[in-house]
1. Of the residues B:D78, B:D168, B:D160, B:D110, only one is acidic (D, E), in contact with a strand residue (DSSP E or B) (Cβ under 7 Å, 6 or more places away or on another chain) and not assigned by TED's automatic domain parsing to the domain that holds B:G279; which?
2. From the list B:A379, B:A383, B:A367, which one is farther than 18 Å from B:E302 by Cβ and touching a helix residue (DSSP H, G or I) at 6+ places or on another chain (Cβ under 8 Å)?
3. Among the numbered criteria (1) away from chain A (no Cβ under 14 Å); (2) aromatic (F, W, Y); (3) under 21 Å from the mean Cα position of the chain (by Cα); (4) not in a strand (DSSP E or B), which single criterion is violated by B:Y312?
4. Which of the residues that make up region B:190-236 are among the acidic types (D, E) and either in contact (Cβ under 8 Å) with a residue 40 or more places away in the chain or closer than 17 Å to B:K95 by Cα (or both)?
5. May I ask you to list the residues in region B:80-107 that are modelled with pLDDT under 95 and outside any loop (DSSP other than H, G, I, E, B)?
6. Given the structure, is A:G403 among the small types (G, A, S) and crowded, with 24+ Cβ neighbours inside 10 Å?
7. From the list A:G400, A:G377, A:G394, A:G456, which residue is more than 14 Å from chain B (Cβ to nearest Cβ), out of contact with any Lys or Arg (no Cβ under 6 Å at 6 or more places or on another chain) and free of Cβ contacts under 8 Å to residues at least 12 places away in the same chain?
8. For region B:265-292, name all the residues that are assigned to a strand (DSSP E or B) and touching a His at 6+ places or on another chain (Cβ under 7 Å).
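The values are calculated or read from the model by the stated rules, or taken from the named source; none is laboratory data. Bear in mind that the values here come from a model prediction, so they are computed numbers and not experimental data. Cβ atoms come from the backbone with ideal geometry, glycine included; neighbour counts cover every protein chain shown.
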Number of protein chains: 2
Amino acid sequence: MKKLLFASLVSLISLLAVGQNNEEAQIKKIFDAALSHGQSYEMLEHLTTQIGPRLSGSPGAAAAVEWSREVMTAYGFDSVWLQPVMVPHWVRGKKEVGRIVNSKKQGNIDVNICALGGSIGTGNGGISAQIVEVKNFEELKQLGTKNVQGKIVYFSRPMDPTHIDTFDAYSGASNQRGSGAAEAAKYGAVAAVVRSMGSNIEEYPHTGGMRYADGVTKIPGVAISTAHGDLLSSLLKEDKELRLYIETHSQILEDVPSFNVVGELRGTENPEDIIVVGGHLDSWDLAQGAHDDGAGCVQSIEVLRIFKEIGYKPKRSIRAVMFMNEENGLRGGTKYAELAKVNKEKHIGAIESDRGGFTPRGFTMSATDKVKKKVRGWAPMLAPYGLTDFSKDGGGADIGPLGPQGVALFGFLPDSQRYFNYHHTEEDTFDKVDKRELELGAASMAALTYLIDQDGLK
Amino acid sequence: MKKLLFASLVSLISLLAVGQNNEEAQIKKIFDAALSHGQSYEMLEHLTTQIGPRLSGSPGAAAAVEWSREVMTAYGFDSVWLQPVMVPHWVRGKKEVGRIVNSKKQGNIDVNICALGGSIGTGNGGISAQIVEVKNFEELKQLGTKNVQGKIVYFSRPMDPTHIDTFDAYSGASNQRGSGAAEAAKYGAVAAVVRSMGSNIEEYPHTGGMRYADGVTKIPGVAISTAHGDLLSSLLKEDKELRLYIETHSQILEDVPSFNVVGELRGTENPEDIIVVGGHLDSWDLAQGAHDDGAGCVQSIEVLRIFKEIGYKPKRSIRAVMFMNEENGLRGGTKYAELAKVNKEKHIGAIESDRGGFTPRGFTMSATDKVKKKVRGWAPMLAPYGLTDFSKDGGGADIGPLGPQGVALFGFLPDSQRYFNYHHTEEDTFDKVDKRELELGAASMAALTYLIDQDGLK
């Protein structure tokens with residue numbers, strides 16, 4: 001009996017070892033396919049240089065929807081479909097004008113500004129007013145209506161360069177962009193100017209979403225380039241009466257119909273179990289949206305394409321989802337989760353790539369401790385590919401709405417150093433993406449998808 | 001007695017803990033200084049865009065020597081001096097001509113080639129001959145003199161894209177460049193063409209060093225761009241008689257005098273103990289040498305500058321060494337080690353940065369197991385900065401000659417994905433370097449230098 005037990009144990013250990021060897025071999029196949037004859041880079045070139053900017057409601061967004069459907073159909077995925085969703089329709093209009101007026105030292109100085117997404121415009125008359133600079137909402141509150149009324153508030157807190165992860169620096173500064181106008185309006189400001197959310201000193205401004213608060217007057221919100229923002233600060237030091245002229249033509253139009261685009265490989269054993277890999281198809285209007293988030297879209301399509309190329313037939317159903325409207329509404333992600341609930345779909349995991357197409361470092365996780373432990377158990381198989389960081393919390397904006405349904409969420413975590421050079425700017429172009437870095441990201445997502453498919457998350 | 005022992009133990013543990021906390025705080029100071037008001041990026045901009053290419057013996061190399069001395073003197077390092085060294089003087093001469101002659105499909109086709117460093121030229125008459133393609137020296141040997149005599153040998157083995165570390169892919173292909181001409185000459189070839197050592201399909205060729213073998217005829221060696229190399233291969237498939245014309249004007253001139261440049265902060269407690277941080281000042285003539293190895297030079301200077309900025313007075317003497325002639329002779333590194341021996345200097349460790357100014361991943365080590373273990377013990381203090389890989393062997397070319405003197409050698413290990421996009425080409429320019437990535441590298445080197453200075457390597 002003991003002998004039998006021992007023999008069984010040996011068999012079991014051998015089986016586990018063989019299983020692990022198979023998994024390692026399969027992961028190597030995935031990386032080899034991505035790096036030897038991957039398609040993500042060519043897909044991204046088309047999406048960014050042939051289609052270009054893809055703000056929700058724009059012709060580019062519509063073209064991207066059709067393109068995604070065509071590409072996934074051409075790759076022969078089992079099903080490809082659209083999920084209708086109504087999206088906000090904000091338009092920038094004519095190029096903005098920003099001008100420091102009649103400064104003591106240098107007279108009029110043109111500065112590079114752009115309207116923030118969701119902002120009303122100033123109209124043709126523009127707004128000219130004295131500037132008051134603050135670093136945060138507390139300073140604004142201290143100044144109060146007395147000092148702010150009728151002025152333009154300049155929020156100048158930079159991203160803290162001493163954070164190693166640039167997303168931490170972004171988090172520490174971005175409330176100025178999101179809520180600056182709403183906060184400034186409380187004290188009677190006529191407009192809000194925000195120092196761009198960029199890691200460096202640059203000439204171009206970074207756009208991005210902002211929100212108005214209920215019951216507070218809507219005032220225009222704009223971003224100023226970091227270089228011109230610093231100039232503004234230095235001039236203000238010597239001239240407290242300094243005035244700024246801004247002219248923006250943005251408008252909030254009626255919602256319009258758009259779509260999430262979904263491609264699926266049907267599971268061979270448990271087709272009702274669904275694993276999502278996704279990115280968002282929309283981008284800001286100033287950008288080609290190469291890193292944000294063309295990269296995530298083509299990487300997600302590439303995951304399914306690689307599985308087909310290497311002949312891997314997933315046990316569970318794998319979906320590549322191109323979410324619409326992450327940038328200014330999250331309507332696509334919300335709709336996807338809503339439909340998953342209505343249709344009683346059983347999602348077991350979702351992976352989003354929305355931190356750029358840079359060298360992989362790991363995955364963030366928003367999941368139970370048990371799931372996290374299981375995934376960390378796979379780490380030794382992923383470490384040879386540079387995937388070593390499984391320590392951070394978080395999933396992704398678009399997959400976030402699936403969280404309350406108990407779905408384990410994963411965020412692809414690439415190197416963060418260059419992301420905020422380009423984020424939401426005219427510089428987020430195809431040439432800023434490195435082919436191997438992009439391909440490694442796609443393979444990383446495929447490897448995690450494969451492991452979840454093989455072993456589950458129980 | 002037991003109580004006393006226990007109390008002592010507690011004190012000791014507290015002291016150790018305080019020590020570690022101090023070290024962590026000091027490392028944070030180093031990174032904060034590099035990221036908040038680092039100077040490496042500005043230094044690199046000058047070195048690459050104002051001085052530019054710096055091949056040994058060129059005016060650029062001479063200018064770089066003077067510039068390094070001036071910069072380190074201006075930063076107020078305790079001593080700055082030059083170490084004279086004779087270096088090879090190879091010149092490219094007039095731009096090369098490469099032409100596929102009278103191909104069946106497309107007639108004459110101009111192709112982008114460049115002479116390899118150290119190669120003789122063809123002279124004005126050029127060389128026109130039939131091409132024979134091989135993947136490696138074994139295939140060449142199989143073909144033998146019968147099939148090779150009078151022909152141009154094309155070595156076409158690409159860098160294997162499935163290696164995750166691109167340096168592994170480089171190692172697997174670069175013997176074609178280094179020894180291809182010498183090997184081909186053994187079988188009577190008239191010239192050797194090598195597919196460029198690049199990760200991608202590009203229009204520009206990658207130069208690099210080659211060596212002749214004693215007693216074998218010297219024949220010209222050139223690199224062809226990966227794009228044109230692949231074209232050559234595809235045309236050869238249908239036309240075995242295909243001919244290539246190459247014309248190169250490179251020359252090997254007499255050795256000339258040059259210098260290593262050394263800056264030092266004198267140790268306050270053990271000044272006779274020396275720790276080196278270094279890079280190589282020379283670059284190939286086609287390149288600004290931004291990643292290879294302007295980055296390593298400015299990072300090394302930055303290590304000492306940061307120490308001064310944060311008021312850290314090293315116990316041991318810290319030297320920033322700009323080595324001359326890594327690319328085609330290693331004379332500077334050899335001379336430095338020679339002088340160290342002659343002058344009975346006691347080097348305890350040397351760190352080289354020569355893998356580009358990319359995001360830090362860790363350090364390679366060429367040291368005793370005891371030293372490796374000690375350094376790995378510091379890993380938890382370095383991990384928050386992305387320094388997690390201490391697994392690879394190796395130091396650096398320039399510090400290599402110190403190895404036989406028992407000096408522990410360390411190679412700064414950044415992310416490798418983009419290095420071979422630029423290596424030894426006209427694309428290795430300042431704009432390919434990211435500010436934060438460069439700064440993080442400088443801080444990483446400073447952190448390791450600091451730990452070695454504090455704790456030693458015993």
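1. Checking each option against the conditions leaves just B:D110.
2. B:A367
3. Against the list (1) away from chain A (no Cβ under 14 Å); (2) aromatic (F, W, Y); (3) under 21 Å from the mean Cα position of the chain (by Cα); (4) not in a strand (DSSP E or B), B:Y312 comes up short only on (3).
4. Once the filter is applied, which keeps residues that are among the acidic types (D, E) and either in contact (Cβ under 8 Å) with a residue 40 or more places away in the chain or closer than 17 Å to B:K95 by Cα (or both), region B:190-236 yields B:E202, B:E203.
5. Within region B:80-107, B:V101, B:N102, B:S103, B:G107 meet the criteria.
6. no
7. Being more than 14 Å from chain B (Cβ to nearest Cβ), out of contact with any Lys or Arg (no Cβ under 6 Å at 6 or more places or on another chain) and free of Cβ contacts under 8 Å to residues at least 12 places away in the same chain holds for just one of A:G400, A:G377, A:G394, A:G456, which is A:G377.
8. Scanning region B:265-292 gives B:I274, B:V276.
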